[in-house]
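Novice: Input: one structure, supplied below.
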Amino acid sequence: MDISSQLLQWYRSNRRDFPWRTTKNPYKIWLSEIILQQTRTSQGLDYYLKFTDTFPKIEHLASAKETRVLKLWQGLGYYSRARNLHATAQYVQDELQGIFPKSYEDLIKLKGIGPYTAAAISSICFKEVKAAVDGNVYRVLSRIFDIDTAINSTEGIKIFQKLADELICKKEPGDYNQALMDLGATTCKPKNPLCDVCPLQSKCLAKKLRIVEQRPVKTKKHKVKNRFLNYYCVEHHAQFYMKKRTENDIWKNLYDFPLSEADCAKEDFNQVELKALEKIIGENTFTLEKARRYQHKLTHQKLHINVYHLKSKNEIKKGHFIKVNPREAMEFPVPKPIEKFFKELFNGLDFER
Ligand code: SF4
């Protein structure tokens, strides 16, 4: 039996049940694929349910405010995915009369849809013969065929795509793609793969050569940059000053506080921070209520964050800040460290009333 037949046979009795596996609706498949990028399935499931509940059809997502979309996405990270999701929904609704493109070639033209997502949607929903190559697929193929070309090199990307295109089942491309992903996620795992129950064990070169743990090969990651952020959560008469992040930087279009960035870690709120704050919001009299320190890791950045809760004597006039009460503050999409800070700061407040 060839690899794709063996894989499909295994898939019929081992496939994982997810809500997106009960539909061929391209809108829902697209949502699931974007949410599941860089995300564990268990975490992605909650977000998929939230999104399909709130926006059951593409027109609902297209007509939503971006702030609402980002708020729903909060905690999932890689916020460009949410911004692109929203922009693409609007494009499909306005320019394509709400009809999702059906072919790989048209799907890949949409914002936020790359080769993997276009292949997944076109094969699952429209049976187009396109191999979807994600991290799971790289791992499985590199092991079965003992390929030592780095999966994150230009050459590696080409080699694996070509191999995947040759192997794909032409009759059931969608199931085949999902089968390979499932095998990678449940059996051919990064650590301690379950080779003894793997349907492809007799064909697997890495198993035969006992080098499973050495596949796939990956080139070294970029150096991680440390950043030191000082946030000033300024309160005046139970209201807080916030602003939208509009620069091309992390967390674009989320909301945060007055911010200064330092070259190195700071121990306490002192004259240096006070001067930095006054530069942003003008002179004032402050009392420091609370200080919290967080570390937050992104793909290429490690953030060292101080959040200072300061009560100011006077209204803030300088800078383009919005003044919000705790309930309004909680409605904004905010970065994870600020979400944590709010949870502590507003702990005990009843927002239901
Ligand atoms: S035999 Fe082991 S290493 Fe090879 S594909 Fe199966 S699970 Fe992966």
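The values are calculated or read from the model by the stated rules, or taken from the named source; none is laboratory data. Keep in mind it's a predicted model, so treat the numbers as computed, not measured. Backbone-built Cβ (ideal geometry, glycine too); neighbour counts: all protein chains shown.
Novice: Quick check on my filter: what residues within segment 45-68 are without any contact (Cβ under 8 Å) to a residue 24 or more places away in the chain and either assigned to a helix (DSSP H, G or I) or of a type in the set (Asp, Glu) (or both)?
Specialist: 46, 50, 51, 53, 54, 60, 68, listed by residue number.
Novice: Go through (1) touching a Ser or Thr at 6+ places or on another chain (Cβ under 6 Å); (2) in contact (Cβ under 8 Å) with a residue 60 or more places away in the chain for residue 255 and report which single condition fails.
Specialist: Condition not satisfied by residue 255: (1).
Novice: Just a yes or no: is a residue in segment 316-338 without any contact (Cβ under 8 Å) to a residue 24 or more places away in the chain, within 22 Å of residue 71 (Cβ to Cβ) and not assigned by TED's automatic domain parsing to the domain that holds residue 78? Steps first, please.
Specialist: Let us first name the residues in segment 316-338 that are without any contact (Cβ under 8 Å) to a residue 24 or more places away in the chain, namely 328, 330.
Applying the additional criterion that residues be within 22 Å of residue 71 (Cβ to Cβ) yields 328, 330.
If we keep only those that are not assigned by TED's automatic domain parsing to the domain that holds residue 78 too, we end up with 328, 330.
Yes - at least one qualifying residue is present in segment 316-338.
Novice: Further question: It is to be established whether one or more residues within segment 117-127 are surrounded by fewer than 18 Cβ atoms within 10 Å (Cβ to Cβ) and in the same structural domain as residue 63 (by TED's automatic domain parsing).
Specialist: Yes, the conditions are met somewhere in segment 117-127.
Novice: Then there's this: Just name the residue that is farthest from the ligand (Cβ to nearest atom) out of those in segment 164-175 that are over 15 Å from residue 1 (Cβ atoms) and among the aliphatic types (A, V, I, L, M).
Specialist: The selected residue is 168.
Novice: Tell me yes or no: at least one residue of segment 146-160 is charged (D, E, K, R) and either surrounded by 19 or more Cβ atoms within 10 Å (Cβ to Cβ) or within 19 Å of residue 20 (Cα to Cα) (or both).
Specialist: Filtering segment 146-160 down to residues charged (D, E, K, R) leaves 146, 148, 155, 158.
Within this subset, residues satisfying the condition of being either surrounded by 19 or more Cβ atoms within 10 Å (Cβ to Cβ) or within 19 Å of residue 20 (Cα to Cα) (or both) are none.
No, segment 146-160 contains no residue that is charged (D, E, K, R) and either surrounded by 19 or more Cβ atoms within 10 Å (Cβ to Cβ) or within 19 Å of residue 20 (Cα to Cα) (or both).
Let's see how each residue does on (1) touching a helix residue (DSSP H, G or I) at 6+ places or on another chain (Cβ under 8 Å); (2) in contact (Cβ under 8 Å) with a residue 40 or more places away in the chain:
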{"position": "259", "(1), (2)": "yes, no"}
{"position": "305", "(1), (2)": "yes, yes"}
{"position": "314", "(1), (2)": "no, yes"}
{"position": "342", "(1), (2)": "yes, no"}
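Novice: So, restricting to helices (runs of 4 or more DSSP H) that lie completely within segment 88-152, which ones have at least 2 residues that are away from the ligand (no atom under 16 Å from the Cβ) and in contact (Cβ under 8 Å) with a residue 24 or more places away in the chain?
Specialist: Because the criterion is at least 2 residues that are away from the ligand (no atom under 16 Å from the Cβ) and in contact (Cβ under 8 Å) with a residue 24 or more places away in the chain, the helices (runs of 4 or more DSSP H) in segment 88-152 that meet it are 115-126.
Novice: Any residue that is surrounded by 17 or more Cβ atoms within 10 Å (Cβ to Cβ), out of contact with any His (no Cβ under 7 Å at 6 or more places or on another chain) and closer than 25 Å to residue 76 by Cβ - is there at least one of those in segment 281-294?
Specialist: Scanning segment 281-294 turns up at least one residue that is surrounded by 17 or more Cβ atoms within 10 Å (Cβ to Cβ), out of contact with any His (no Cβ under 7 Å at 6 or more places or on another chain) and closer than 25 Å to residue 76 by Cβ.
Novice: Just one of 32, 13, 4 is assigned to a helix (DSSP H, G or I), surrounded by 14 or more Cβ atoms within 10 Å (Cβ to Cβ) and more than 19 Å from the chain's Cα centre (by Cα); which is it? Show your work before the answer.
Specialist: Values: 32 fails: more than 19 Å from the chain's Cα centre (by Cα); 13 fails: surrounded by 14 or more Cβ atoms within 10 Å (Cβ to Cβ).
Sole residue among the options that is assigned to a helix (DSSP H, G or I), surrounded by 14 or more Cβ atoms within 10 Å (Cβ to Cβ) and more than 19 Å from the chain's Cα centre (by Cα): 4.
Novice: Could I ask something else about it? In segment 243-293, which residues are in contact with a Leu (Cβ under 7 Å, 6 or more places away or on another chain) and acidic (Asp, Glu)?
Specialist: 261, 289, listed by residue number.
Novice: Considering only segment 153-186, how many residues are in contact (Cβ under 8 Å) with a residue 40 or more places away in the chain and of a type in the set (Val, Ile, Thr)?
Specialist: Count: 2.
Novice: Quick check on this structure: which one of 21, 83 is basic (Lys, Arg), outside the structural domain of residue 296 (by TED's automatic domain parsing) and over 30 Å from residue 202 (Cα atoms)?
Specialist: 83
Novice: Of 160, 55, which residue is among the aromatic types (Phe, Trp, Tyr), away from the ligand (no atom under 16 Å from the Cβ) and modelled with pLDDT of 95 or more?
Specialist: 55
Novice: Provide a single number: the residues in segment 176-223 that are within 24 Å of the chain's Cα centre (by Cα), in a helix (DSSP H, G or I) and either more than 9 Å from the ligand (Cβ to nearest atom) or among the polar types (S, T, N, Q) (or both).
Specialist: Residues meeting the conditions: 8.
Novice: What are the residues in segment 261-291 that are hydrophobic (A, V, I, L, M, F, W, C) and touching a residue at least 12 places away in the same chain (Cβ under 8 Å), if any?
Specialist: Scanning segment 261-291 gives 262, 264, 265, 269, 274, 276, 277, 280, 281, 286, 288, 291.
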